[in-house]
1. For segment 18-34, enumerate the residues that are touching a helix residue (DSSP H, G or I) at 6+ places or on another chain (Cβ under 9 Å) and without any contact (Cβ under 8 Å) to a residue 60 or more places away in the chain.
2. Looking at residue 70 and the list (1) surrounded by fewer than 18 Cβ atoms within 10 Å (Cβ to Cβ); (2) at pLDDT 95 or above; (3) assigned to a helix (DSSP H, G or I), which single condition is not satisfied?
3. Can you find even one residue in segment 101-113 that is of a type in the set (Val, Ile, Thr) and in contact with a Ser or Thr (Cβ under 7 Å, 6 or more places away or on another chain)?
4. How about segment 129-151: which of its residues are surrounded by 14 or more Cβ atoms within 10 Å (Cβ to Cβ) and aliphatic (A, V, I, L, M)?
5. From the list 65, 108, pick out the single residue that is closer than 12 Å to residue 37 by Cβ, at pLDDT 90 or above and either surrounded by fewer than 20 Cβ atoms within 10 Å (Cβ to Cβ) or not hydroxyl-bearing (Ser, Thr, Tyr) (or both).
6. If I go through segment 21-35 residue by residue, how many of them are surrounded by 11 or more Cβ atoms within 10 Å (Cβ to Cβ) and modelled with pLDDT of 90 or more?
7. Take residue 126 and decide whether it is within 19 Å of residue 151 (Cα to Cα) and either touching a Cys at 6+ places or on another chain (Cβ under 6 Å) or surrounded by fewer than 20 Cβ atoms within 10 Å (Cβ to Cβ) (or both).
8. Does segment 49-92 hold any residues that are over 23 Å from residue 129 (Cβ atoms) and of a type in the set (Asp, Glu), and which are they?
Amino acid sequence: MIKLAEEFFDTKNDPVQISITPATIDKLRKIHPNTLTEKKDRNGPIAWFIVIPTTTALMKKFVKKKIAEQELLDCTPLGSRYEALYLCSALVLPEYRGRGVARKLISKTIKSIQKQHPIQCLFYWAFSAEGKRLATRIAEDFDLPLYARPE
């Protein structure tokens, strides 16, 4: 799944995006244990996604392009109360797409995070029409405002 993410998002050639490394995974887990989630079948991962709880102030900077994605992660304070949730990335293997896998997983994760943090809004940076649709559906499901970083 990490290989698919690197190919789709081309993070190795874009320093403003988050590149998934052991240090990145460690930081994500410290922010909240459910920031990085995957669904597996008997053959391995079929879906993988990242959400990042953060502050509203950092969300506003990111949406206005004042900070990059990597800076959003780096600047998110540990042990804070988070009001915003960044729908960072979602990947589903082609043969599992269109079945609601990502939507179900992300919804379950948001509910888990909301038990500890007063999430008041969602935001995203779309790399595809499917990503934009997923973000829109999630926001509708939770009746939360959705903010987009311009492409």
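1. Correct list: 19, 20, 24, 27, 28, 31, 33.
2. It is condition (2) that residue 70 fails.
3. The first filter runs over segment 101-113 and keeps only residues of a type in the set (Val, Ile, Thr), leaving 101, 106, 109-110, 113.
Next cut, in contact with a Ser or Thr (Cβ under 7 Å, 6 or more places away or on another chain) only: 109.
Scanning segment 101-113, I find at least one residue that is of a type in the set (Val, Ile, Thr) and in contact with a Ser or Thr (Cβ under 7 Å, 6 or more places away or on another chain), so the answer is yes.
4. 134, 135, 138, 139, 144, 146, 148
5. Checking each option against the conditions leaves just 108.
6. The number of residues fulfilling the criteria is 9.
7. Working: within 19 Å of residue 151 (Cα to Cα): yes; either touching a Cys at 6+ places or on another chain (Cβ under 6 Å) or surrounded by fewer than 20 Cβ atoms within 10 Å (Cβ to Cβ) (or both): yes.
So residue 126 fits the description; yes.
8. Answer for segment 49-92, where residues must be over 23 Å from residue 129 (Cβ atoms) and of a type in the set (Asp, Glu): 71, 74, 83.
The values are calculated or read from the model by the stated rules, or taken from the named source; none is laboratory data. Worth saying up front: this structure is predicted, and the values here are computed from it rather than measured. In this analysis, Cβ positions are derived from the backbone assuming ideal geometry, glycine residues included, and neighbour counts consider all displayed protein chains.
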